[in-house]
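Step one of this worksheet: look at the structure below.
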Amino acid sequence: RMQHVEALTGTLVAALNAYVFWTQYKEHQKRKLRKQLQQRQADPEYKVIIVGAGISGLCTAIKLQEKGIPFEIHEKKGGVGGTWVDNVYPGSGCDVPSFLYSFSFEPNLSWSRKWASQKEILEYIEAVTKKYNLYQHIRFYSEICSASFDEEESLWNLSTTSGVQISSRWVVCSTGQLNLPNIPAIPGRDSFQGESFHSARWNYDIDLKGKKVAVIGTGASAIQFVPCISEEVDELFVFQRSPSHIDRKNDYEYSKLTHFLFKHVPGVAKLYRWTIYWVFESLWPVFQQGRLNKAVGNFICGGMKKVIDDSEASRSLIPSYAIGCKRILISNNYFPTLAKDHVHLIDTPVTEITERGVVSAEVERDVDVIIFATGFQSYRFLFPIDIKGLDSKSLSDVWQDHPFAFWGLTVPEFPNMFITYGPTTNLVHNSIIFMIECQVAYIVQAIEKCQRNNVLSISLQQEQMDRYSEMCGRSLQSTVFATDCGGWYKTPSGVLVNNSAFSTLTYWWNTCVKGFRWNHYRITKAES
């Protein structure tokens, strides 16, 4: 028996020593990485410039930091968070379940409810930024206006609007798809004598109480803030170009017991997150043209009719196009708001804005305030940055009306430049953060491999781009995104540029499992 005790004691001591050694080794590696970062921080040979401090820019920074690769983030605004800094309108929130709307490596176990508010999301982003010590690497109020590639030095030369010049081997553009508000060129818009603003630039200095207000647009933002402002305005006119599919929002607060389980029972939070992921991922077939799409569309429309409970209103609010062609929205209080006596839905196109109000179907409605809930110029990727690659070729000239990138990440003849949340990477059925993590994994793998192998530059081969373009085009044509409904996924001329052609599993397989491949690129190595 004594021998067994001694053997067990010896095993425990050995395990403890191994644990101590492993802990010390990890700390040593962290110190080594920090020292490496400090040594290389000022060297353009190693530094990565990240444009934008939104979710994808911060994710890129965290993963570069883990590899000891120096970086610098340039953010044109005064805070982190990207779209969640801009969209502060009343009722602003996410239409992706909160547990999916966080980094897999930094889950938030304290979400207050199933669908998080803008405030809570921004607090999470700021907390992550602080935890990973990213603030010291961010240059706020620094807007990149141009970037040109120096072929002799294999470096990018960037300029800011304030005249600062920066050189870097690598550039990651993380400006996103939803950063340029779209205000339609309605005749007479500038003649309006009242107040007006876009929902993504909400003006809280304007008091809406007792005012007559016009809201132009009925998309994802409008259905969130219209119910909120309806409680204080005197009269509200909601101008709708086309109706949206609106499903019930099954929202609720997480209980104390739920939070306890998430925080203290191993695996519960991860299992919950993955369950949500797989439920949403299983919806991908719904967005293919065919019987399943029609059946789901009929089901959602049937539910909408029960809520509206008015045959005349149903004709204005029930879509006739395929579900998923435009973004599917969720709300419990939008339809009840439209039923209020002082709220008026106008489903005829806005033709003019006058000094006093808005004209639709030759009827002028006098208002004090106009709120444009008209979305974003989502097709203008990386605008207004002037980007020049090999032979001073302009990216805007290459793209023209069809922005496109290899897995949404990179473009031939623009070496060492990557994009996050780029063309054909938007999702309608799952969390964009999953896609962002896949993109960042690919980008960091590419940069790390190049630095390890003394590679100066990599440029995607055109044949790889052509092969991907053909595959992507075939896949997109079978989706409902390709049908005609006037959604924001297309350019003004009708080219589909925003949405992913593939499920997140397919995207993960190609960017994370297959990952970066040397034979997809033209490579320039250093002589020594």
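A few points about this structure:
- Test: residue in the range 360-372 that is part of a loop (DSSP other than H, G, I, E, B), surrounded by fewer than 17 Cβ atoms within 10 Å (Cβ to Cβ), more than 19 Å from the chain's Cα centre (by Cα) and at pLDDT below 95: yes
- In the range 27-52, the residue that is surrounded by the most Cβ atoms within 10 Å (Cβ to Cβ) out of those that are modelled with pLDDT of 75 or more and out of contact with any Phe, Trp or Tyr (no Cβ under 8 Å at 6 or more places or on another chain) is Gly52.
- Residue match in the range 175-198 (condition: assigned to a helix (DSSP H, G or I), among the hydrophobic types (A, V, I, L, M, F, W, C), surrounded by 15 or more Cβ atoms within 10 Å (Cβ to Cβ) and not assigned by the TED database to the domain that holds Ile443): no
- Residue among Trp115, Trp111 that alone is among the aromatic types (Phe, Trp, Tyr), in contact with a strand residue (DSSP E or B) (Cβ under 9 Å, 6 or more places away or on another chain), touching a residue at least 40 places away in the same chain (Cβ under 8 Å) and not assigned by the TED database to the domain that holds Gly57: Trp115
- Of all residues in the range 504-515, those satisfying the criterion of being touching a residue at least 40 places away in the same chain (Cβ under 8 Å), surrounded by fewer than 20 Cβ atoms within 10 Å (Cβ to Cβ) and within 19 Å of Ile419 (Cα to Cα) are Trp508, Asn510, Cys512, Gly515.
- Residues that are in contact with a Gly (Cβ under 8 Å, 6 or more places away or on another chain), under 13 Å from Gly515 (Cβ atoms), of a type in the set (Gly, Ala, Ser) and surrounded by 23 or more Cβ atoms within 10 Å (Cβ to Cβ) within the range 413-461 are absent altogether.
- Residues located in the range 162-191, provided they are hydroxyl-bearing (Ser, Thr, Tyr), within 16 Å of Pro384 (Cα to Cα) and touching a residue at least 40 places away in the same chain (Cβ under 8 Å): Ser174, Thr175
- Number of positions in the range 90-132 that are in contact with a His (Cβ under 9 Å, 6 or more places away or on another chain) and under 17 Å from Ser56 (Cα atoms): 0
- Of all the residues in the range 386-400, those that are outside any helix (DSSP H, G or I) and over 17 Å from Trp170 (Cα atoms) number 3.
- Pairs linking a residue in the range 257-286 that is more than 12 Å from Leu109 (Cα to Cα) to a residue that is of a type in the set (Gly, Ala, Ser), with Cβ atoms under 7 Å and 6 or more positions apart or on different chains, are Glu281/Ser503; Trp284/Ser503; Val286/Gly324.
This table checks each residue for (1) in contact with a helix residue (DSSP H, G or I) (Cβ under 7 Å, 6 or more places away or on another chain); (2) touching a residue at least 60 places away in the same chain (Cβ under 8 Å); (3) over 30 Å from Val48 (Cβ atoms).
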site	(1), (2), (3)
Phe335	yes, yes, yes
Val350	no, yes, yes
Val358	no, yes, yes
Asp366	no, yes, yes
Ile385	no, yes, no
Ser392	no, yes, no
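- Residue within the range 161-173 that is at negative phi, assigned to a loop (DSSP other than H, G, I, E, B) and among the basic types (Lys, Arg) present: yes
- Applying the condition of being under 20 Å from Gly217 (Cβ atoms) and charged (D, E, K, R) to the range 316-342 and asking which residue is surrounded by the most Cβ atoms within 10 Å (Cβ to Cβ) yields Lys326.
- Any hit, the range 15-26, residues being at pLDDT below 70 and out of contact with any strand residue (DSSP E or B) (no Cβ under 6 Å at 6 or more places or on another chain): yes
- Members of the range 294-308 that are of a type in the set (D, E, K, R) and closer than 18 Å to Ile346 by Cα: none
The values are calculated or read from the model by the stated rules, or taken from the named source; none is laboratory data. Nothing here was measured: the structure is a model prediction, and the numbers come from that model. All Cβ positions, even for glycine, are placed from backbone atoms using ideal geometry, and neighbour counts span all protein chains on display.
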